[in-house]
1. Subtracting the Cα-Cα distance from 0.36 nm times the residue separation, let me have the gained length for LYS66 to LYS35 in nm, one decimal.
2. Mind giving me the nanometre distance, one decimal, between the label points for VAL111 and MET52, set 7 Å out from Cα along Cα→Cβ?
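We did not get these values from a lab; they are worked out from the coordinates using the rules stated. If you're wondering where the values come from, they're calculated on a predicted model, not measured in any experiment. Cβ coordinates were reconstructed from backbone atoms using ideal geometry, including for glycine residues, and neighbour counts include every protein chain displayed.
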Amino acid sequence: MSPYRLVYGKACHLPVELEHKTFWAVKKLNFDLQKAGSARLLQLNELEEHRMFSYESAKLYKEKTKAWHDKQIQKRELIPGTEVLLFNSRLRLFPGKLKSRWSGPFKLVKVYPYGAVDLLDEKSGREFMVNG
């Protein structure tokens, strides 16, 4: 046992030893440049295959998740003349634990294709369009 190990509790590696081991490893691994090059190309091809497999898996997962979420959406018939509440999704700017994000009631005036609707605020008499 060396004095260094007795004092510090671990083996001492001199720079000459490390340099020799590094030189030996480089010499062994790069002995045949053609073989090393083909091995590296094989590694790169395997990496590219792995990336493509991961990409395909993520794409399939995303499609399945989207299909599941789309199945959970309930179709609602919006009939003009009914009273509705309006959800304010941009209220995060003014956070408040007890502040409601729902406002209304508003009267539904007109339903446009693709989900847009006209609402009438009966208190102020103001009519405005929102995405349904």
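1. Extra length available between LYS66 and LYS35 comes to 6.5 nm.
2. 4.8 nm
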